[in-house]
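Novice: My questions will all concern the structure given below.
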Amino acid sequence: MARPRKPLLSTDRIVETARVLVDTEGLAAVSTRRLAAELGVSGPSLYNHFRTKDQILEAVADSVSAQVDLSMFEDGRDWRTALHDWAVSYRAALRNHPNIVPVLARGPGRRPAALRLADAVYGAMVEAGWPPAQATSIGALMRYFIMGSALGSFAGGFVDDVSAYDPADYPHLGQAHLLAERQEKIDERAFETGLAALLDGLERQYQGVAPSA
């Protein structure tokens with residue numbers, strides 16, 4: 001009986017394997033030697049697809065950017081609704097792959113999916129009537145806010161130990177030990193609160209820059 005053939009090595013297989021490593025073990029786990037072992041190939045064969053570890057991580061980052069929904073900028077939603085829905089989708093992608101956020105935070109560089117994302121946001125804002133300079137600022141501030149929310153959990157930063165918050169030292173943190181167990185709900189509410197406040201502020205600015213839009 002013929003031995004089963006190994007799946008052909010491809011860029012997609014390399015990126016998918018690297019993404020799993022990043023998700024489960026962090027950025028430091030990725031190396032050409034480790035990837036070759038995971039894929040069952042020799043190290044030099046990877047060089048037909050990627051020359052360096054940084055190129056692999058860039059590709060992993062772009063595969064996460066590609067998970068962000070951009071349809072809201074094409075289906076007629078108003079700019080505020082589109083920004084809200086995009087922010088929710090973007091944050092969901094980052095929450096699923098938090099370890100790659102530091103690479104994404106460097107900016108889009110030459111990554112195709114990241115550039116399509118930036119192009120979609122900027123184009124939609126300009127089309128809605130925002131001046132180009134402010135459209136650029138909106139794209140930037142949204143990235144700051146979304147990536148910041150994905151870099152860590154506010155609620156998860158508190159320990160589940162009431163003795164850590166002595167009222168003599170921290171008179172207003174008497175319930176802080178309960179935050180960790182409610183982490184998801186608190187972080188989700190904080191994100192939505194911040195996003196609504198951010199969009200409210202933009203809405204007020206919009207009345208001045210595009211009154212006839």
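Novice: As an exercise: evaluate Ala28 against (1) open to solvent by 50 Å² or more (accessible area, probe 1.4 Å); (2) closer than 20 Å to Leu151 by Cβ; (3) touching a residue at least 12 places away in the same chain (Cβ under 8 Å) and give the number of the one condition it does not meet.
Specialist: All conditions are met except number (3).
Novice: Next question, about the same structure. If you take the residues in the range 186-195 that are without any contact (Cβ under 8 Å) to a residue 12 or more places away in the chain and of a type outside the set (Asp, Glu), which one is surrounded by the fewest Cβ atoms within 10 Å (Cβ to Cβ)?
Specialist: Thr193
Novice: Let me ask something else about it. Exactly one condition in (1) basic (Lys, Arg); (2) farther than 19 Å from Met72 by Cα; (3) open to solvent by less than 70 Å² (accessible area, probe 1.4 Å) is not met by Arg182; state its number.
Specialist: Tallying (1) basic (Lys, Arg); (2) farther than 19 Å from Met72 by Cα; (3) open to solvent by less than 70 Å² (accessible area, probe 1.4 Å), Arg182 fails exactly one: (3).
Novice: Hey, any hits in the range 175-192 for a residue that's of a type in the set (Phe, Trp, Tyr), closer than 27 Å to Asp85 by Cα and assigned to a helix (DSSP H, G or I)?
Specialist: Yes, some residue in the range 175-192 is of a type in the set (Phe, Trp, Tyr), closer than 27 Å to Asp85 by Cα and assigned to a helix (DSSP H, G or I).
Novice: Does the range 73-120 hold any residues that are surrounded by 14 or more Cβ atoms within 10 Å (Cβ to Cβ), among the β-branched types (Val, Ile, Thr) and under 18 Å from Leu199 (Cβ atoms), and which are they?
Specialist: The answer is Val88, and nothing else.
Novice: Inspect the range 156-164 for any residue being under 24 Å from Ala105 (Cβ atoms), open to solvent by 40 Å² or more (accessible area, probe 1.4 Å) and touching a residue at least 40 places away in the same chain (Cβ under 8 Å) and give the result as yes or no.
Specialist: No - not one qualifying residue is present in the range 156-164.
Novice: Can you go through Glu58, Glu16 and tell me which one is open to solvent by 40 Å² or more (accessible area, probe 1.4 Å), under 23 Å from Ala120 (Cα atoms) and outside the structural domain of Glu192 (by the TED database)?
Specialist: Glu58
Novice: Follow-up. So Trp79 passes all but one of these: (1) at positive phi; (2) in contact with a helix residue (DSSP H, G or I) (Cβ under 6 Å, 6 or more places away or on another chain). Which condition number does it fail?
Specialist: The failed condition is (1).
Novice: Residue check: is Ser153 within 24 Å of the chain's Cα centre (by Cα), in a loop (DSSP other than H, G, I, E, B) and within 24 Å of Asp187 (Cα to Cα)?
Specialist: Yes, satisfied.
Novice: Let me ask something else about it. Go through the range 47-92 and give me each residue that's among the aliphatic types (A, V, I, L, M) and touching a Phe, Trp or Tyr at 6+ places or on another chain (Cβ under 8 Å).
Specialist: Matches in the range 47-92: Ile56, Ala59, Val68, Leu70, Met72, Ala82, Ala87.
The values are calculated or read from the model by the stated rules, or taken from the named source; none is laboratory data. Predicted model, so just to flag it, every value in this text is computed and none were measured. Reconstructed Cβ throughout: ideal geometry from the backbone, glycine too, with neighbour counts over all protein chains shown. Note: areas computed on protein heavy atoms with side chains; ligands, DNA, RNA excluded. Shrake-Rupley method; radii C 1.70, N 1.55, O 1.52, S 1.80 Å.
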